[in-house]
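Below is one structure, written out as structure tokens; comments come after it.
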Amino acid sequence: MADCTRCGRKLPAISFGSGGLCDNCRQAEQDEIQPGGHASQLISPWSTGPAVTLAIIGINVAVYLAMVLNGVSPVEPTGQQLVSWGADFGPYTVSGQSWRLLTSAFEHAGIIHIALNMWGLWVLGRVAEHIYDKGTFLGAYVLCGIGGGIASLFWEPAVVMVGASGAIFGLLGLLLTTFWLGESSIARDYSRGMMANLLIYGAYSLYRGATVPGISNSAHLGGLFTGLILGGLMAPSLTNHPHQSRGLRWMILTGSAVALFVLFQVVKASVINSLQGIGS
């Protein structure tokens, strides 16, 4: 029994005139389907260009270059240097500087750190951006970054934390539950290769998080958990009409943002109590 040359689905034993495509993919060739529509009719992970992914990479690189040009070590910046540029640091984050949960996700501790993260963002972001519309992708990325920041704040409030890896692990979780619960037209061979890269990236990132100061495995796991939930909630929307699916996704993102805000308030109170205990 043959497979569809586009999405990899099994074709009927007798499928005259199919051109090697399943019914959904034949329909996709006849219709102009925009990203964020039916996942079974998506054309290619790069057909519209990963503009948001490239923009996020550009912001990260610009922040890194600005830090270096202002005297921060390009290889091993100090904790104070990282804090001065917006790192997530419990005593500051819970004292009126909650914006550090976001800014820390665009800051990196050296050239190796940013190079690895930008590679992971490129691998994951261009796929996630095409499966979901660009606005949904950006919202999910930001929420995953904040979720990772909250997790690291809870587990390691007195440690300086930076890096996009919490948000990137969130994209990993988003894609895992999307592929599991939704329908995707990404070819099987491509998805297998991508998942192999993800495993390598994830394993090495967890290793670095366990051995390099300033890189947080708690942020990795917090972002991953946030992405798994978002993907699980949004994956069923991929079979809806594009306008309906986008509206549903924004409702999910808004609800998730409110949930993260409430979670931050709980974690904030806990961190304040723990820091006061250390101070006394």
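The values are calculated or read from the model by the stated rules, or taken from the named source; none is laboratory data. This structure is a prediction, so every number in the text was calculated from the model and none was measured. Every residue, glycine as well, gets a Cβ built from its backbone with ideal geometry; the counts of neighbours run over all protein chains shown.
Does Leu124 qualify as being touching a residue at least 12 places away in the same chain (Cβ under 8 Å) and closer than 17 Å to Gly58 by Cβ?
When the stated conditions are applied, Leu124 passes them.
Inside the range 139-181, can you point out the residues that are of a type outside the set (D, E, K, R), part of a loop (DSSP other than H, G, I, E, B) and under 17 Å from Lys268 (Cβ atoms)?
Across the range 139-181, the qualifying residues are Pro157, Ala158, Val159.
Hey, could you check the range 124-138 for residues that are assigned to a helix (DSSP H, G or I) and of a type outside the set (A, V, I, L, M) and say which is nearest to Val68 (Cα to Cα)?
Gly125
Answer with yes or no whether Leu171 is aliphatic (A, V, I, L, M) and at pLDDT 70 or above.
yes
So that you can scan it fast, the table gives a plain yes or no per residue for (1) polar (S, T, N, Q); (2) touching a residue at least 12 places away in the same chain (Cβ under 8 Å); (3) closer than 23 Å to Ser218 by Cα:
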{"position": "Ala51", "(1), (2), (3)": "no, yes, no"}
{"position": "Ala55", "(1), (2), (3)": "no, no, no"}
{"position": "Gly58", "(1), (2), (3)": "no, no, no"}
{"position": "Phe89", "(1), (2), (3)": "no, yes, yes"}
{"position": "Ser95", "(1), (2), (3)": "yes, no, yes"}
{"position": "His108", "(1), (2), (3)": "no, yes, yes"}
{"position": "Glu129", "(1), (2), (3)": "no, yes, no"}
{"position": "Cys144", "(1), (2), (3)": "no, yes, yes"}
